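The values are calculated or read from the model by the stated rules, or taken from the named source; none is laboratory data. What you are looking at is a predicted structure, and each value in this text was computed from that prediction instead of being measured. In this analysis, Cβ positions are derived from the backbone assuming ideal geometry, glycine residues included, and neighbour counts consider all displayed protein chains.
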Amino acid sequence: MTARFVGVAGLPRAGSTLLCQLLGEHPEIQCEGHSSPLCNSLLATRRFISDDQFFLSQLDVQFDTTYAHLHSAMGGFLRGWYDRCDKPVVVDKNRAWLHCIELLLHLDPEARLLISIRELGQIYGSIESQHQKTILMDFIDHLADYDRFGRADQLFAKEKSIGAPLSSIQAVQDLPQSVKERLFFVKFEDLVSQPEETMSRIYAWLEVSPHTIDPNLLTVRPHESDSHYRHKYLHRQQGSISPPKSHEIPPRIQNRIEQACGWYYEWFYPKSR
């Protein structure tokens, strides 16, 4: 049996760890919950093979056959990663899945993607709050020397922690409708305030059996590496769900975020502006 593939992507500090924890509560879903190297491996394979002279030479003389070899091999790698899964659905977490959604669907047209989102000021606030608790350590991309406004500006830069996945979300508007139908956006605010209702909608969209979670009695699994991120982006699981306290964001920073990302608020948070 080949498990149906579901990717988890989205913004940092937007509930992807909690989402994976709740997905893993369903008896028909396998979800390890850690960020996976599968997506990165497929992207690396594409880069490598595109520069390989033997592969390019074969394309010159038998394009269709050679390209079919590549499609079969990369598709086999995708399916083989979870070959030992004995459940109908398998979940793989990596923020890059949305960036390469068309590659994923080329290999597996039935794949689906869950995308975690959150009000952007609170995402910044969560990161800044954790930084203040670990201020003697720098970020992996060396943001500690910036002031708060500068650090916020850097976090939202195109290749940075918030900016990179945010760009992938914005690019959804350019995708064909058939691709958009494979995407489900999960609001952090809904996940923590209405976990049972939110997960019921997700389970239905994934076409698995109805299942009721107990938000006060969750399975706690080992968390993924936090030292890799210098403990600036924690991935801890809890045994119960409770909405976090709202972070107080300086007005200058909040206004800057809303001005720079107006499209995001129009799409997902139109009443909060």
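Within segment 99-129, how many residues are buried (at least 18 other Cβ atoms within 10 Å of the Cβ), within 30 Å of Glu248 (Cα to Cα) and not β-branched (Val, Ile, Thr)?
Matching residues across segment 99-129 total 11.
Give me the pairs, please: first residue somewhere in segment 57-76 and closer than 20 Å to Ala3 by Cβ, second residue anywhere and among the polar types (S, T, N, Q), beta-carbon distance under 9 Å, and either six or more positions apart or on two chains.
Going by the 9 Å Cβ cut-off, the qualifying pairs are Ala73/Thr45; Met74/Thr45.
How many of the residues making up segment 144-175 are in a loop (DSSP other than H, G, I, E, B) and farther than 20 Å from Ala14 by Cα?
Final tally of qualifying residues: 5.
Please give the number of the condition Thr65 fails out of (1) closer than 19 Å to Asp108 by Cβ; (2) modelled with pLDDT of 95 or more; (3) surrounded by fewer than 12 Cβ atoms within 10 Å (Cβ to Cβ).
Going through (1) closer than 19 Å to Asp108 by Cβ; (2) modelled with pLDDT of 95 or more; (3) surrounded by fewer than 12 Cβ atoms within 10 Å (Cβ to Cβ) one by one, Thr65 breaks only (1).
Please enumerate the residues belonging to segment 231-255 that are more than 19 Å from the chain's Cα centre (by Cα), over 28 Å from Gln194 (Cβ atoms) and crowded, with 17+ Cβ neighbours inside 10 Å. It would help to see each step written out before you state the result.
Restricting attention to segment 231-255, the residues satisfying the condition of being more than 19 Å from the chain's Cα centre (by Cα) are 238-255.
After this cut, where a residue has to be over 28 Å from Gln194 (Cβ atoms) as well, the list is 250-253, 255.
Of everything in segment 231-255, just one residue is more than 19 Å from the chain's Cα centre (by Cα), over 28 Å from Gln194 (Cβ atoms) and crowded, with 17+ Cβ neighbours inside 10 Å, namely Ile253.
Would you point out the residue of segment 6-31, among those that are more than 14 Å from the chain's Cα centre (by Cα) and assigned to a strand (DSSP E or B), that is surrounded by the fewest Cβ atoms within 10 Å (Cβ to Cβ)?
Among them, the one singled out is Gln30.
Among the residues of segment 92-111, is any in a loop (DSSP other than H, G, I, E, B), within 22 Å of Glu224 (Cβ to Cβ) and in contact with an Asp or Glu (Cβ under 8 Å, 6 or more places away or on another chain)?
no
Out of Ser116, Ser126, which single residue is under 30 Å from Arg182 (Cβ atoms), out of contact with any helix residue (DSSP H, G or I) (no Cβ under 6 Å at 6 or more places or on another chain) and of a type outside the set (A, V, I, L, M, F, W, C)?
Being under 30 Å from Arg182 (Cβ atoms), out of contact with any helix residue (DSSP H, G or I) (no Cβ under 6 Å at 6 or more places or on another chain) and of a type outside the set (A, V, I, L, M, F, W, C) holds for just one of Ser116, Ser126, which is Ser126.
Which count do you get for residues in segment 6-32 that are in contact with a helix residue (DSSP H, G or I) (Cβ under 7 Å, 6 or more places away or on another chain) and at negative phi?
Selection size over segment 6-32: 12.
So, in segment 219-268, of the ones that are small (Gly, Ala, Ser) and modelled with pLDDT of 95 or more, which residue ends up nearest to Glu32 (Cα to Cα)?
Residue satisfying both the conditions and the ranking: Gly239.
State the number of residues belonging to segment 144-159 that are surrounded by fewer than 17 Cβ atoms within 10 Å (Cβ to Cβ) and either without any contact (Cβ under 8 Å) to a residue 60 or more places away in the chain or among the aliphatic types (A, V, I, L, M) (or both).
To start, the set of residues in segment 144-159 that are surrounded by fewer than 17 Cβ atoms within 10 Å (Cβ to Cβ) comprises 144-150, 157-159.
Adding the requirement that they be either without any contact (Cβ under 8 Å) to a residue 60 or more places away in the chain or among the aliphatic types (A, V, I, L, M) (or both) leaves 144-147, 150, 157-159.
Matching residues across segment 144-159 total 8.
(1) more than 18 Å from the chain's Cα centre (by Cα); (2) of a type outside the set (D, E, K, R); (3) surrounded by 12 or more Cβ atoms within 10 Å (Cβ to Cβ): which one isn't true of Leu217, the others all being true?
Leu217 satisfies all of (1) more than 18 Å from the chain's Cα centre (by Cα); (2) of a type outside the set (D, E, K, R); (3) surrounded by 12 or more Cβ atoms within 10 Å (Cβ to Cβ) except (3).
Could you tell me which residue of segment 182-212 is modelled with the lowest pLDDT, considering only residues that are in contact with a helix residue (DSSP H, G or I) (Cβ under 7 Å, 6 or more places away or on another chain) and among the polar types (S, T, N, Q)?
Among them, the one singled out is Thr212.
May I ask you to list the residues in segment 176-210 that are surrounded by 14 or more Cβ atoms within 10 Å (Cβ to Cβ) and not in a helix (DSSP H, G or I)?
Arg182, Leu183, Phe184, Phe185, Val186, Lys187, Gln194, Leu206, Val208
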